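One structure is given below, encoded as C-alpha cells.
Derivation of every value follows stated rules applied to the coordinates shown; laboratory data play no part. Since we're looking at a predicted model, the values are computed, not measured. Positions of Cβ are generated from backbone atoms using ideal geometry, with glycine treated the same way; all protein chains shown enter the neighbour counts.
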Amino acid sequence: MFCTEQRRIAKETFIKYGHSYADTIAELGYPNRATLRLWWKEYESTGVIPEGKGTRQSKYSDGQMRAAVDHYLEHGRSLSRTMRALGYPRGRQTLCDWIDELAPGSRKQRGPNPKAEPVPMERKV
C-alpha cells in the first residue's frame, strides 16, 4: 500500500519529531499509529526499510503440492475428490492454481467448448 519512499519519509519525520506518533501522523497525513509503530519496530530490528510488501510463505510444502496434483491426475481428475481424499487444500482455486503451475493444460475445463461453432437458431427450434 505504501511505497518505500513513503516509509522512508515517515521514518525520518518520526525521528525529527522525537519519536512522536501524533506529530508524525499530523504532519504527513499517513499512516495510522499502529502501522507507524510496526514500521519503526521493523526498522529498529533490521536497520533497513523493507522494499514494498512482504511475501507470505506458503502454507503447504512443495511435496504436498506435488502429491495433490499427482492424486488429481491419477484418480479421475476430480477437484473435490482430491481435496476430500487428502484433506487439503481448503479451496478449489488453490488446487486449480497448483495444477496449472505443475501440470499445465491437464486440468479438466467445464462449460462450453470455445472451439465449437454456435448452434444456429433453426437447429435449436
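Take the alpha carbon gyration tensor of the range 67-125, find the square roots of its eigenvalues, order them as a ≥ b ≥ c, and report rounded if a/c is under 1.5; if not, report prolate when a/b exceeds b/c, else oblate. Numbers along the way, then the final one.
On the way: a/c = 3.27, a/b = 2.60, b/c = 1.26.
Prolate, because a/c is 1.5 or more and a/b exceeds b/c.
If you compute Rg and Dmax of the Cα atoms in Å for the structure shown, which of (i) 13.6, 42; (ii) 25.4, 80; (iii) 16.9, 50 do you land on? Given (i) 13.6, 42; (ii) 25.4, 80; (iii) 16.9, 50, the structure-derived one carries the label (ii).
For a quick check: sort Ser58, Ser20 by the number of other beta carbons within 10 angstrom, fewest at the front.
By the 10 Å Cβ count, ascending, the order reads Ser58, Ser20.
Among Cys96, Cys3, which comes first, second and so on when ranked by fewest other beta-carbon atoms within 10 Å? Walk me through the numbers on the way to the answer.
Working: Cys96 14, Cys3 10.
Fewest-to-most Cβ neighbours within 10 Å comes out as Cys3, Cys96.
Taking the number of Cβ atoms within 10 Å of each Cβ as an exposure proxy, the fewest-first ranking of Asp62, Asp100 is Asp62, Asp100.
Here's the list of lysines a cross-link from Lys124 could span, going by alpha-carbon distance under 30 Å and ignoring same-chain residues fewer than 8 apart: Lys108, Lys115.
Under a Cβ-only charge scheme (Lys and Arg +1, Asp and Glu -1), can you give me the dipole magnitude of the chain about the Cα centre, in debye to the nearest 20? Could you put the intermediate results ahead of the total?
Details: 22 positive and 15 negative charges, 133 e Å.
With Lys and Arg at +1 and Asp and Glu at -1, about 640 debye.
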